[in-house]
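*Asks:* First the structure, which I've put down as structure tokens, then a few questions once you've had a look.
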Amino acid sequence: MGVAAAWKPKSIGKLVVSTFETVGERHDYLKAALVECLGWMAREASALPIIVPPFYQAMMSGSTLVRAAAARAYAKLAKHCAEDLPPLVHESFLILLTDPYVAVHSAPVDALREVDLPEPFTTRVVTCLLYLISRYSRSRSDDDILSKSIQRYLDLVGKDLPSRTPDAIVSILDGMAVSAATDVILQSGFALRGASRLGELLIKLISDPETNEYYVDDLLGELEEVSPKQILGVSDRFKAAARSCTSRGIEVADEMIAILTAVGAWAEAADVARDATERLSDDAWDRPRKLRSTARQVAAELELAAASSDTARVAELAARWRESKQEAERDNEENREKRSPILGLRIPHSSN
């Protein structure tokens, strides 16, 4: 009906409005659906005079369902004609952001992903979001809304964050559910790169078994952007993080070794490489991986020896690295057919 009302605002649209105004408050599901239709009608500028009065009425409704629907409809409305709306409509939207009911104030938080309020209202939106962040960071009653509020705040403020704010937000994220904290990092983490404890948070999220495996690479990408000082401060936690990821079938040793060597954490990089090798079996299927991992381990130990100016150790490890590469090549040749997904199949002989 919303599409039809948008297509014919002077006929179907007026019918939607008159129905909304006629139906009593006890029919809040119907009224909420009609309010959603008002948002679709905003595609036509000529419909504004028709929909603004009932839209304002919906924002002030005594029904939480209708108020929440009004916030969702506002996203469609402001997306097309934010500057043309009366200031009172924007004022009412700000009131919804601080509504006492979760079902209501969560809707305008979502709406802020799609719309930008006119400049005079931006500061007040930021204030409302800070109120929600403060409220939910204390109660911890809904980390999903807290996560979204932080994301909207960071999107609006961007690089103009007060100097202490990144640290404060990272501290909040550290106590949130893993999925909610990860969402903030992946969507708005660029704004937090100056936080002094961001490296600790990232290595914690990467290590946590609850972190979605598909997000680990992105978290590692954020970790690469952290200052060398922070990486060095958490370098002793990389091996445990890599081990945790491996237990979930996520291989991160290469990325972690690269991050560690980039900041000169040679010993920790060698530890990660050595541990990855030791955890592999030596059977026919795992052997190629173990040989490659051994070569990677020797390379990491070689860099450590070079950084320590241990020339004898460098010479020894250089020879071992060449041997490990040659052994990997020999193993590949000797087992090529056995490991082939086709040639390696054992086909039973026919009984005939």
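Nothing in this text is a laboratory measurement; each read-out follows from the coordinates by a stated rule. Only a predicted model underlies this, so the values are computations on that prediction, with no experimental measurement involved. Every residue, glycine as well, gets a Cβ built from its backbone with ideal geometry; the counts of neighbours run over all protein chains shown.
*Asks:* May I ask which residue of Val226, Met176, Ala82 lies farthest towards the positive end of the charge dipole of the chain, with charges of +1 (Lys, Arg) and -1 (Asp, Glu) on Cβ and the Cα centre as origin?
*Replies:* Ala82
*Asks:* Hey, what angle do you get for helix 178-188 against the long axis of the chain, alpha-carbon based, 0 to 90 degrees rounded to 10?
*Replies:* 80 degrees
*Asks:* Relative to the Cα centre, what is the charge dipole magnitude of the chain, using +1 at the beta carbon of each Lys and Arg, -1 at the beta carbon of each Asp and Glu, and rounding to the nearest 20 debye?
*Replies:* Working: 43 positive and 52 negative charges, 167 e Å.
Here the chain has a charge dipole of around 800 debye.
*Asks:* Can I ask one more? Are any of the pairs Lys159/Lys239; Lys229/Lys325; Lys31/Lys76 more than 29 Å apart by Cα-Cα distance, and if so, which? Please report the intermediate quantities before stating the final value.
*Replies:* Values: Lys159/Lys239 33 Å; Lys229/Lys325 34 Å; Lys31/Lys76 17 Å.
Listed pairs above 29 Å: Lys159/Lys239; Lys229/Lys325.
*Asks:* For the stretch 250-273 and the stretch 138-199, what is the separation of their C-alpha centers, rounded to whole Å?
*Replies:* Between the Cα centres of the stretch 250-273 and the stretch 138-199 lies a distance of 27 Å.
*Asks:* While we're on this one: Comparing Trp266, Trp285, Trp321, which has the greatest mean-square fluctuation in the GNM of the chain with Cα pairs linked when under 10 Å apart?
*Replies:* Result for the chain, Cα springs under 10 Å: Trp285 fluctuates most.
*Asks:* Moving to a separate point now. Rounded, prolate or oblate: which fits the stretch 207-323, taking a ≥ b ≥ c as square roots of the Cα gyration tensor eigenvalues, rounded meaning a/c under 1.5, else prolate when a/b beats b/c?
*Replies:* Because a/c hits 1.5 or more and a/b fails to exceed b/c, the stretch 207-323 counts as oblate.
*Asks:* Next question, about the same structure. What FRET efficiency, computed as 1/(1 + (r/R0)^6) with R0 = 51 Å and r the Cβ-Cβ distance, is obtained for Ser247 and Cys81, rounded to the nearest 0.05?
*Replies:* It comes out at approximately 0.45.
*Asks:* With the radius of gyration and the Kirkwood radius both derived from the Cα set of the stretch 280-339, what is their ratio Rg to Rh?
*Replies:* Reported Rg/Rh (Cα atoms, Kirkwood Rh): 1.09.
*Asks:* Okay, next question. Mean 1/r over all different Cα pairs, inverted: what Kirkwood radius does the stretch 118-191 give, in Å?
*Replies:* One over the average 1/r among Cα pairs gives 12.3 Å for the stretch 118-191.
*Asks:* Build a GNM of the chain with springs between Cα atoms under 10 Å: which of Leu112, Leu223, Leu186 gets the top mean-square fluctuation?
*Replies:* Of Leu112, Leu223, Leu186, the most mobile in the Gaussian network model is Leu186.
*Asks:* Full-extension gain between Glu334 and Leu186, please, as 0.36 nm times their residue separation minus the C-alpha to C-alpha distance.
*Replies:* 48.8 nm is the gain from fully extending Glu334 to Leu186.
*Asks:* Can you give the log10 of the normalised intensity I(q)/I(0) at q = 0.09, 0.10, 0.11 Å⁻¹, computed with Debye over equal Cα scatterers of the chain?
*Replies:* After summing over all Cα pairs, the log10 values are -0.69, -0.76, -0.82.
*Asks:* How much FRET efficiency would the formula 1/(1 + (r/R0)^6) give for Asp218 and Glu327, where r is the Cβ-Cβ distance and R0 is 45 Å, rounded to 0.05?
*Replies:* On the way: r = 35 Å, r/R0 = 0.78.
So, using R0 = 45 Å, E works out to roughly 0.80.
*Asks:* Rank Gly264, Ala195, Ser134 by how far each Cα sits towards the positive end of the charge dipole of the chain (+1 on Lys, Arg Cβ; -1 on Asp, Glu Cβ) and give me just the farthest.
*Replies:* Ser134
*Asks:* From the helices alone, meaning DSSP H stretches of at least four residues, give me the mean residue ellipticity at 222 nm for the chain, per-run term -39500 (n - 2.57), in deg cm²/dmol to the nearest 500.
*Replies:* -21500 deg cm²/dmol
*Asks:* Now for a separate question. Quick one: grab the alpha carbon gyration tensor of the stretch 136-293, order the square roots of its eigenvalues as a ≥ b ≥ c, and give me rounded if a/c is under 1.5, else prolate or oblate depending on whether a/b is larger than b/c.
*Replies:* prolate
*Asks:* Just want to confirm a number: the relative contact order over the stretch 197-276, from Cα pairs under 8 angstrom separated by 6+ residues, in percent.
*Replies:* Relative contact order comes out at 32 percent.
*Asks:* Okay, moving on. Angle between the Cα long axis of helix 198-207 and the longest principal axis of the chain, 0 to 90 degrees, nearest 10?
*Replies:* Once rounded, one gets 70 degrees.
*Asks:* Okay, next question. Given 10 °C and 1.306 mPa s, how large is the Stokes-Einstein diffusion coefficient of the stretch 197-276 in µm²/s, with Rh as the Kirkwood radius over Cα pairs?
*Replies:* Result for D is 131 µm²/s.
*Asks:* In percent, how large is the relative contact order of the stretch 55-190, given Cα pairs closer than 8 Å and 6 or more residues apart?
*Replies:* RCO, the stretch 55-190: 20 percent.
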